[in-house]
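This is the structure I want to talk about, given as structure tokens.
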Amino acid sequence: MSNLMLPGLVDVHTHLRVPGGEHKEDFTTGTAAALAGGITTVLAMPNTTPPLTTPVVLEETIQKAQHSILCDVGLFAGASPEQIEGVIELSRYTVALKIYLNDTFGPLRVEDLPTLNACFRLWPRQKLIAMHAEGQSVAVGIGLAAAYQRPVHFCHISRKEEIELIAAAKAQRLPVTCEVTPHHLFLTEADADRLGPLGDMRPRLATAKDVAALWAHIHSTIDCIATDHAPHTLEEKQSDGPPPGVAGLETSLPLMLTAVKENRLDLDQLVKLMATNPRRIFKLPLQPDTHIEVDTEAEFSLSNDELQTKCGWTPFAGMNVVGRVRRVVLRGVEVYKDGQIIAEPGSGQVLI
Ligand code: NCD
Ligand code: ZN
């Protein structure tokens with residue numbers, strides 16, 4: 001066994017489904033999945049029911065989190081045209097603002113320029129704005145970053161033309177960053193055909209050419225690996241109107257370590273993409289005395305049977321990987337060991 005020590009990983013794109021989607025995931029099961037995946041900090045998305053767009057909902061959600069999380073959690077505020085005048089209030093409860101420019105799960109959407117302008121004018125400058133932007137919406141986000149001279153982070157970039165546009169914006173020193181998901185790095189539209197609804201998410205899986213373009217930017221343009229862990233029950237996925245989204249917290253590190261073994265990625269770059277960069281970009285606090293231990297020689301097949309996530313399935317089932325998380329220590333306390341969650345509900349901290 002080869003024991004690799006890494007910092008606690010940071011996932012800046014997780015759907016913990018509280019409030020309103022607790023049958024898919026809740027704060028305890030979602031953060032258990034994070035720990036099992038070597039992740040000690042997650043940022044939770046605001047497309048909940050109701051969405052995280054008012055102080056009342058945020059206060060209630062933070063109270064629930066304080067009793068139930070097993071690792072550290074920060075929340076995103078959601079931008080919505082109806083609540084835009086009060087958006088600054090939301091910054092008191094959250095680490096960043098999320099703007100959805102394109103269709104995805106849930107009704108949160110911003111499709112008008114006045115609301116976009118208001119977000120960039122009103123949201124406090126010391127906190128980040130993250131965008132769900134696909135295709136030409138990426139150009140909208142880059143334009144806003146340039147016009148308002150403030151950072152924009154692009155979620156789950158998946159297409160060749162998108163990553164190339166972000167590379168061009170970075171070459172002009174525009175303040176933009178981006179994340180890519182493991183499913184867009186390891187699966188293509190051929191897998192979407194094979195997997196049916198279990199391979200459906202937003203952005204949709206792309207062509208082999210798009211995937212190759214993402215890998216070509218893995219040591220340059222890409223800032224973070226983010227899971228976009230978006231659990232839905234198997235029953236929902238097999239229904240007539242399946243919602244988009246797949247789980248990812250527990251499969252992200254083994255997939256990326258497999259890429260390291262195959263010489264597609266440096267280990268140093270893995271640590272930047274999964275820990276150092278996300279912490280710096282979102283200005284998240286350091287976690288003292290925190291690390292994870294990984295058996296880098298363990299070869300195994302990803303499986304639905306060993307998951308902590310409530311949804312209980314992964315689109316990567318059957319895929320052979322290396323790198324098993326053996327132990328997680330958070331603030332000096334052992335919180336995960338060999339498949340067992342040791343942390344007590346409420347032992348994680350809510351980040352603001
Ligand atoms: C996400 C979800 O289910 O909340 N689904 C997805 O396909 N990615 C929403 C999102 O991140 O866009
Ligand atoms: Zn998402």
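State the number of residues belonging to region 90-113 that are under 23 Å from residue 60 (Cβ atoms), loosely packed, with under 14 Cβ neighbours inside 10 Å and more than 16 Å from ligand 2 (Cβ to nearest atom).
1
Pull up region 17-29, narrow it to residues that are within 12 Å of ligand 1 (Cβ to nearest atom) and either touching a residue at least 60 places away in the same chain (Cβ under 8 Å) or in a helix (DSSP H, G or I) (or both), then point me to the one that is surrounded by the fewest Cβ atoms within 10 Å (Cβ to Cβ).
Filtering region 17-29 for residues that are within 12 Å of ligand 1 (Cβ to nearest atom) and either touching a residue at least 60 places away in the same chain (Cβ under 8 Å) or in a helix (DSSP H, G or I) (or both), the one surrounded by the fewest Cβ atoms within 10 Å (Cβ to Cβ) comes out as 24.
Here's something else I'd like to know. Right, residue 177: within 13 Å of ligand 2 (Cβ to nearest atom), of a type in the set (S, T, N, Q) and not in a helix (DSSP H, G or I) or not?
No, not satisfied.
Let me ask something else. Taking interchain pairs and intrachain pairs at least six residues apart, which have beta carbon atoms under 7 angstrom, with the first residue in region 222-238 and in a loop (DSSP other than H, G, I, E, B) and open to solvent by 10 Å² or more (accessible area, probe 1.4 Å) and the second among the acidic types (Asp, Glu) and within 16 Å of ligand 2 (Cβ to nearest atom)?
Close Cβ pairs (under 7 Å, with a partner that is among the acidic types (Asp, Glu) and within 16 Å of ligand 2 (Cβ to nearest atom)) amount to 223/179.
Just checking, which of 165, 116, 128 is open to solvent by 40 Å² or more (accessible area, probe 1.4 Å), at pLDDT 95 or above, more than 13 Å from ligand 1 (Cβ to nearest atom) and of a type outside the set (Ser, Thr, Tyr)?
It is 165.
Which ones in region 180-236 are farther than 18 Å from residue 162 by Cβ, within 19 Å of the chain's Cα centre (by Cα) and acidic (Asp, Glu)?
Within region 180-236, 200 is the sole residue that qualifies.
Right, residue 312: open to solvent by 10 Å² or more (accessible area, probe 1.4 Å), at positive phi and in a loop (DSSP other than H, G, I, E, B) or not?
yes
Also, quick follow-up: Among the candidates 105, 76, 120, which residue alone is in a helix (DSSP H, G or I), on the phi < 0 side of the Ramachandran plot and among the aromatic types (Phe, Trp, Tyr)?
Checking each option against the conditions leaves just 120.
Given 187, 144, which one is in contact with a Pro (Cβ under 8 Å, 6 or more places away or on another chain), of a type in the set (A, V, I, L, M) and open to solvent by less than 40 Å² (accessible area, probe 1.4 Å)?
Residue meeting the stated conditions: 187.
Residue 267 - would you say it is surrounded by fewer than 17 Cβ atoms within 10 Å (Cβ to Cβ), within 16 Å of ligand 1 (Cβ to nearest atom) and more than 18 Å from the chain's Cα centre (by Cα)?
Against the criterion (surrounded by fewer than 17 Cβ atoms within 10 Å (Cβ to Cβ), within 16 Å of ligand 1 (Cβ to nearest atom) and more than 18 Å from the chain's Cα centre (by Cα)), residue 267 does not qualify.
The values are calculated or read from the model by the stated rules, or taken from the named source; none is laboratory data. Note that this is a predicted model, so its numbers are computed, not measured. Note that each Cβ is placed from the backbone with ideal geometry, even for glycine, and that neighbours are counted across all protein chains shown. Surface accessibility is based on the protein's heavy atoms, side chains included, excluding ligands, DNA and RNA. Shrake-Rupley method; radii C 1.70, N 1.55, O 1.52, S 1.80 Å.
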